[in-house]
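A quick write-up on the structure given underneath.
Bear in mind these aren't lab numbers, they're just calculated from the coordinates by the rules spelled out. All values derive from a computational prediction rather than experimental measurement. Every residue, glycine as well, gets a Cβ built from its backbone with ideal geometry; the counts of neighbours run over all protein chains shown.
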Ligand SMILES: *[C@@H]1O[C@H](CO)[C@@H](O)[C@H](O)[C@H]1NC(C)=O
């Protein structure tokens, strides 16, 4: 009786403390990797947009299994294994496998928490010490050794993100605000790292909650000023590796959801598991919205986030209004972006002419 009362009280306490899930990125609606292909610009179904990936079948980049999730996510059937390899180049020489929220919810106002858990194993581990490759894929003949930057779970403007392969300890998973390191942890194989980006879009600040395994999240970095913004469809769950590396890497994700406050700190709560109904491949009844990101340049001007410059690039260098060509990784890559305001781009701006 005593135990039952305690359990009821605990459940009640959790219920009142948890925020409301605005978008669940649970993988329960997906049975196979092919289910991710049911989403398209003209059929925007399911919880994820899937267009930022390489040329091979989706099964090469995404796979589902109960063994791919943090076991603490009890209501989720599967976790996701997300892979990048030399075939993963998308719209540039970067290798990318990224899922984007598909939702009508506003994921960019108030105080929101972007939750996810990430793991790597010793097999197909993320690269850290490759020779920096030139754009045609041959090794840099100067032999300059460099680590391979990975951008993980980032917003398009990079106001906050995780990175790997950067900083004083490139084997750490590093949390950044506007390109500046604020916190890091050794990215130990086979350990689950749970995170929530704590974003106050009203105040323009972002902080970080973190834990490992089944431990509750604790706040590890208090909120810091940042140019917080999202159009609710530019948070990238996945990995961007720059520039081309030959090796295959596997990254594992589960426990993905966005909630408003107060934060749910218990690992395994929050997504609600989601529906198990797969996204339908029949046409949606809603009118497709105009994509804010496109997969190819259309015409003489480059569209938002498309490549507009860099070594060996021969495509459009003029950006469609109101975008500016920004050298985000000179001399390799320039991208049509909104005018940069954060420190991430300042170095690039000094180094490279831009199309205004
Ligand atoms: C978010 O910022 C607004 C504006 O500064 C502030 O009023 C509000 O209390 C903040 N929310 C939280 C949860 O800190």
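As a proxy for reagent exposure, 173, 80, 217 were ordered by neighbouring Cβ count within 10 angstrom, fewest first; the result is 217, 173, 80.
Rounded to 0.05, the FRET efficiency of the residue 248 and residue 185 pair, given R0 = 30 Å and the Cβ-Cβ distance, is 0.80. Neighbour counts of other Cβ atoms within 10 Å put 81, 219 in the fewest-to-most order 219, 81. A simple spin-label model places the labels of residue 65 and residue 40 3.1 nm from each other, with each point 7 Å out along Cα-to-Cβ.
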